[in-house]
Amino acid sequence: MDRMSRTNPRASVHRTVEWVDTDASGHQHNSAIIRWVESAEAELFLRTLKLPDYFPSVPRIHQEIHFKKKLWFGQQITATVGISKLGRTSMTYAFEIHGHPHDGQDGGLAAFGTVTVAHVPPGSAKAQPWPAAVVDAVTSTEGTGI
């Protein structure tokens, strides 16, 4: 089941599971998932949507990860992030991490989940409405299949 709308903005990155990404048994450490998600988030907001001011103002307020398969040292992965909800002061994006076939093992969905961020501009102590540039960038690409 696709957890991300194919009509909302999305972006992917491709990585190799490095030794530093693994635990003592050679499969991914749980923290590697969120690092790959954040790389895809940067791809989406900096390079696809061209919103360089997004990052200094988006603390995470919730994240949820469901682990489905192990990913192994040397395995290729694809991390995809897609915006699933834009609220007045928050945004939720869904993500999926897929492993590619490796050492005789099938690939497939390894992890999925959501991350919710709030817009808290520098100098503010609480969430504020999204700037028009963010709303425009996110909503103008709907329907393009990014």
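Which numbered condition in (1) buried (at least 21 other Cβ atoms within 10 Å of the Cβ); (2) in contact (Cβ under 8 Å) with a residue 24 or more places away in the chain is the only one that Arg60 fails? Exception for Arg60: condition (1).
Inclusion of Leu44 among residues that are under 11 Å from the mean Cα position of the chain (by Cα), under 27 Å from His119 (Cα atoms) and of a type outside the set (Ser, Thr, Tyr) is warranted. Apart from one condition, Pro9 fits all of (1) at pLDDT 95 or above; (2) within 25 Å of Pro129 (Cβ to Cβ); (3) touching a Ser or Thr at 6+ places or on another chain (Cβ under 6 Å); the exception is (1). Output the residues belonging to the stretch 54-100 that are in a loop (DSSP other than H, G, I, E, B) and either of a type in the set (A, V, I, L, M) or touching an Asp or Glu at 6+ places or on another chain (Cβ under 7 Å) (or both). Once the filter is applied, which keeps residues that are in a loop (DSSP other than H, G, I, E, B) and either of a type in the set (A, V, I, L, M) or touching an Asp or Glu at 6+ places or on another chain (Cβ under 7 Å) (or both), the stretch 54-100 yields Val58, Leu71. Scanning the stretch 101-133 for residues that are more than 21 Å from the chain's Cα centre (by Cα) and in a strand (DSSP E or B) yields His102, Gln105. On the stretch given as the stretch 58-98, residues that are touching a His at 6+ places or on another chain (Cβ under 6 Å) and of a type in the set (Ser, Thr, Tyr) total 2. Of the set (1) crowded, with 19+ Cβ neighbours inside 10 Å; (2) outside any helix (DSSP H, G or I), all apply to Leu51 but (1).
The values are calculated or read from the model by the stated rules, or taken from the named source; none is laboratory data. The shown structure was predicted, so the numbers you read here are calculated from the model rather than taken from an experiment. Positions of Cβ are backbone-derived with ideal geometry, glycine not excepted, and every protein chain shown enters the neighbour counts.
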